[in-house]
Amino acid sequence: MGLLTSPARAQQVEPARFGGAGQWVMLGSSNGLHIFKETFSQSEAKYVDAYGVVGIDRFVARHFSIGLAAGARYADDQGYGVKTFGETKATSISGGVRFGYAVPLGELFSWYPRLTLGISRTHSETTVVGSWNDFPAPSVSSSIGPEVHLYAPLLVHLVPHFFLGFGPRLQHSFGVQRGGPYAGTQSTLVSGELVVGGWWGEAEADASAPAPAPAQGNASFGEQGQLVLGLATDASVSHRSNSASKYSETAVDLGPSADYFVLKNVSIGIDAFIGHSSVTHPRTAYA
């Protein structure tokens, strides 16, 4: 008696698809560390900005994920008004829990809406360092309260474990501003944003949807002909407003970041940024 193996009956192992139970997901827009300082020659003006964000999600069941998000920021803006030289220091901290659901849309696409329920705290203080008239009292504003954040990008899965997407974002803070020019207001952000991300972890293949073709070969990073898309890649259109206030801000940003390996281990890339913004706000005592 022998054991016969028929090629026609051999089972083909299909690669796991995005959204399988046990997978971990990270989005570039939810993770980052940024430290920035700008100074001007022959001037005391300066701008310092430092922030960090971290977010990770896990599919606890097929298509359904739960995640955590947290972030903190510090900014110090020192500059000139019409008749003053002032400084504004601002801090913020936020955190929350996130729920997502991955909807498969064929072989290459999926829709991944995520709802974050969290709490945030902000504090800002503006003081006049120098003035050609009088020195007004410092302006202090703060807020603390719950916030809701919905992001629903359409994802494109061109290669295994990597995706690129774009979708609408809605964020509203229920914390009411106390003090400052926007006292009594709440902040709302509406935007459309590009996202770059990836996932890892073992999971059973989704039998209800066709599997993508398996990757050819096991090329290592740095091989000639590879294209690397940086997490700094950004494209967005946004509008922020404050309730019961004339303040509004509209911005359009485009920031490509990519590298191409022209030779083995040698790449040439581009990292650029183009932005435009328009702000409407009430006049302050420091104008």
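Details
- Of the residues making up the range 235-255, just one is closer than 15 Å to V196 by Cβ and open to solvent by 50 Å² or more (accessible area, probe 1.4 Å), namely L254.
- Single condition D77 does not satisfy, out of (1) open to solvent by less than 80 Å² (accessible area, probe 1.4 Å); (2) under 23 Å from L170 (Cα atoms); (3) more than 16 Å from the chain's Cα centre (by Cα): (2)
Residues checked against (1) farther than 17 Å from G71 by Cβ; (2) exposed (fewer than 14 other Cβ atoms within 10 Å of the Cβ); (3) in contact (Cβ under 8 Å) with a residue 60 or more places away in the chain:
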{"position": "A90", "(1), (2), (3)": "no, no, no"}
{"position": "S94", "(1), (2), (3)": "no, no, no"}
{"position": "E107", "(1), (2), (3)": "yes, yes, yes"}
{"position": "G118", "(1), (2), (3)": "no, no, no"}
{"position": "G130", "(1), (2), (3)": "yes, yes, no"}
{"position": "L155", "(1), (2), (3)": "yes, no, yes"}
{"position": "L164", "(1), (2), (3)": "yes, no, yes"}
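- Annotation note: of P181, P160, the sole residue that is modelled with pLDDT of 85 or more and over 21 Å from the mean Cα position of the chain (by Cα) is P160.
- When T126 is tested against (1) open to solvent by 50 Å² or more (accessible area, probe 1.4 Å); (2) more than 27 Å from G201 (Cβ to Cβ); (3) at pLDDT below 95, only condition (1) is not met.
- Only residues that are not hydrophobic (A, V, I, L, M, F, W, C) and not in a strand (DSSP E or B) were counted in the range 153-184, giving 10.
- Scanning the range 185-207 turns up one or more residues that are modelled with pLDDT of 90 or more, outside any loop (DSSP other than H, G, I, E, B), charged (D, E, K, R) and touching a strand residue (DSSP E or B) at 6+ places or on another chain (Cβ under 8 Å).
- Residue match in the range 241-258 (condition: modelled with pLDDT under 85, in contact with a Pro (Cβ under 6 Å, 6 or more places away or on another chain) and not aliphatic (A, V, I, L, M)): yes
- The condition of being open to solvent by 70 Å² or more (accessible area, probe 1.4 Å), touching a Pro at 6+ places or on another chain (Cβ under 7 Å) and either over 30 Å from P104 (Cβ atoms) or at pLDDT 65 or above (or both) does not hold for I274.
- The set of residues in the range 48-101 being more than 19 Å from S142 (Cα to Cα), hydroxyl-bearing (S, T, Y) and modelled with pLDDT under 95 consists of Y80, T84.
- Selected residue (criterion: least open to solvent (accessible area, probe 1.4 Å)) from residues of the range 24-68 that are within 20 Å of the chain's Cα centre (by Cα) and of a type in the set (S, T, N, Q): S65
- G222 falls short on exactly one of the conditions (1) surrounded by 15 or more Cβ atoms within 10 Å (Cβ to Cβ); (2) modelled with pLDDT under 85, and that condition is (1).
- Pairing residues of the range 39-63 that are more than 18 Å from Y112 (Cα to Cα) with residues that are surrounded by fewer than 15 Cβ atoms within 10 Å (Cβ to Cβ) and of a type in the set (V, I, T), at Cβ distances under 7 Å and at least 6 apart in sequence or on separate chains, gives K46/T39; A50/I35.
- Residue satisfying all of: in the range 3-23; open to solvent by less than 60 Å² (accessible area, probe 1.4 Å) and not polar (S, T, N, Q); modelled with the lowest pLDDT among these: P15
- Evaluation of A152 against (1) farther than 20 Å from Y247 by Cα; (2) of a type outside the set (D, E, K, R); (3) modelled with pLDDT under 95 (one fails), failing number: (3)
The values are calculated or read from the model by the stated rules, or taken from the named source; none is laboratory data. Fair warning: this is a prediction, and the values are worked out from it, not measured in the lab. With ideal geometry, Cβ positions are generated from the backbone for all residues, glycine too; neighbour counts draw on all protein chains shown. These area figures cover heavy atoms from the full protein model, side chains too; ligands, DNA and RNA do not enter into them. Shrake-Rupley method; radii C 1.70, N 1.55, O 1.52, S 1.80 Å.
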